[in-house]
Amino acid sequence: MDATANNGGGQLSRMRDRFPELGSGVLPVEPYISPAYFELEKRHIFKRVWQHVGRESEIPNPGDFFVVDLPASDASLIVVRGHDGVIRALHNVCSHRLNKVVYESRGSVRRLNCKFHGWSYDLTGRLVGVPDEKYFSGLDREQCGMTPASADLWQGFIFVNVDPHPAMSLNDFLRPVYADLEGYPFEKMTNCYRWRTVVNCNWKLALDAFQETYHVRYVHGRSIADALRSDEEGSMLPIDCLCGDVHRRLSMAGNPKTVYGNPKAATTVDKSTAQAGTQRVGKIASAALRAGRGATKLSFNPADLPPGINWRKDPDWVFDINVFFPDFYVSTRPNYYQAYNFRPIAHNRTLFDARVYYPEMKNAGGRFYQEYMKCVLRDVLLEDLGTLEQIQAGCETGPKTHMILHDYEVMVRHNAHVVERLIREGEARAQVGLS
Ligand code: FES
Ligand SMILES: [Fe+2]
């Protein structure tokens, strides 16, 4: 391959050489199908790490809460904003006879009241009301609050950790890889669309389908394959990839002649978008782009984006994939972003929880553009999800014990390595009685 062509050979050799610790061998299937392996992931990963659960703006006022189930952490948490404005996470379990304290998935309350016998807690989880209190011998309210977990914020995202005393702060967990994303206008994207579905596959397998582009030409051949830049041989190689201690990032170039692959669409009036719709993207896409051009209420100047966005400064850059270990995927674009969780339920079941955040539009044309983008994304997601249960079945029926990876499926390899390493380290700690 020509080393100077497009984003091809030069990057390819760099990518292959850059992460020698990951090797280039095959990947064992066992971690994707083994209930025992999943138990190790629960113990050494999901009960110890920070996990994304939503945006701060979902609970803007004191008393606003939502409940998040984290099966891989054996937890269901109430995430609630207190009267002091602080967001906390509390296990949704009453101290009396362990009923769920709130049954609703979200709402707003002055207190957290258990519906079984009426115990009540303030928004910090302190026990403040006990019917018939005199009939409990030696009840110490101070000792009978709701059990806290940890909660913290990064750029408006709420993260929780079921460990009330995490080994690492959220900042120490994220900033080594993601400090240069700080300042991205997450808070400007206030129109949120959300889809949730349970997929019968392992969480790593689901995430893996979103952290490589090798599949795009085939799985998305009839939808958005046009939107990514490809070299003269048709390969859709990313601009660059970064693999950190646990997190990883991938930067992608688009095809500016398509609506979906043009980062300037609907934010700037630009001649480069004028030809959109003359390619295979079709009339509706073209109409959507025309309707949406310049229709955002806010301006997004690419020059204002933080240095971690399009870190290679490629002129055709269209989005970056940021995987926050273990299961949070954020695709950052100049004017909107996608935020997905691949939340494990069992070794072969995963909740796919997808949110997309757009800026508010100031007219109907802008909304039409957004609806178009939303429908394209829905179809693309269905194409992605369509492969997952087949792959899980392929893994479980057992003719193969290993997978073979392309050099640019490096993020798939990295995820498997990180999980394996954390389990190994966790088991070593457990052997000397440290966890
Ligand atoms: S279980 Fe909650 S008040 Fe009894
Ligand atoms: Fe895909």
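Residues that are within 16 Å of ligand 1 (Cβ to nearest atom) and farther than 18 Å from Leu127 by Cα within the stretch 68-102 comprise just one, Ser76.
Of the residues screened, Met189 is one that is closer than 30 Å to Pro307 by Cα, away from ligand 2 (no atom under 16 Å from the Cβ), touching a strand residue (DSSP E or B) at 6+ places or on another chain (Cβ under 8 Å) and of a type outside the set (Lys, Arg). Residue count for the stretch 26-45 satisfying the condition of being assigned to a helix (DSSP H, G or I), touching a residue at least 12 places away in the same chain (Cβ under 8 Å) and over 23 Å from the mean Cα position of the chain (by Cα): 2. So which residues in the stretch 175-196 are among the hydrophobic types (A, V, I, L, M, F, W, C), buried (at least 20 other Cβ atoms within 10 Å of the Cβ) and either modelled with pLDDT of 95 or more or outside the structural domain of Gly308 (by TED's automatic domain parsing) (or both), if there are any at all? Val177, Leu181, Phe186, listed by residue number. Restricting attention to the stretch 107-148, the residues that are modelled with pLDDT under 95 and either closer than 29 Å to Pro60 by Cβ or among the β-branched types (Val, Ile, Thr) (or both) total 0.
Here is a yes/no grid of residues against (1) in a helix (DSSP H, G or I); (2) modelled with pLDDT of 95 or more; (3) closer than 25 Å to Ser331 by Cα; (4) within 17 Å of the chain's Cα centre (by Cα):
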{"position": "Thr350", "(1), (2), (3), (4)": "no, yes, yes, yes"}
{"position": "Phe368", "(1), (2), (3), (4)": "yes, no, yes, no"}
{"position": "Glu371", "(1), (2), (3), (4)": "yes, no, yes, no"}
{"position": "Leu385", "(1), (2), (3), (4)": "yes, yes, yes, yes"}
{"position": "Lys400", "(1), (2), (3), (4)": "no, yes, no, no"}
{"position": "Leu405", "(1), (2), (3), (4)": "no, no, yes, no"}
{"position": "Gly426", "(1), (2), (3), (4)": "yes, yes, no, no"}
{"position": "Arg429", "(1), (2), (3), (4)": "yes, no, no, no"}
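Remark: Tyr178 falls outside the filter, which requires a residue to be on the phi < 0 side of the Ramachandran plot, aromatic (Phe, Trp, Tyr) and part of a loop (DSSP other than H, G, I, E, B).
Every residue, every condition in (1) of a type in the set (Ser, Thr, Tyr); (2) touching a Phe, Trp or Tyr at 6+ places or on another chain (Cβ under 7 Å), yes or no:
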| site | (1), (2) |
| --- | --- |
| Asp379 | no, no |
| Ile391 | no, no |
| Gly394 | no, no |
| Thr397 | yes, no |
| His406 | no, yes |
| Val410 | no, yes |
| Ala416 | no, no |
| Arg424 | no, no |
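Taken over the stretch 215-242, the criterion of being within 16 Å of ligand 2 (Cβ to nearest atom) and part of a loop (DSSP other than H, G, I, E, B) is satisfied by His215, His220, Gly221, Arg222, Ser223, Ile224, Arg229, Ser230, Ser235, Met236, Leu237, Pro238.
The values are calculated or read from the model by the stated rules, or taken from the named source; none is laboratory data. Computed from a prediction, not measured in an experiment: that's the story for all the values here. Glycine also receives a Cβ, built like all others from the backbone with ideal geometry; neighbour counts cover every protein chain displayed.
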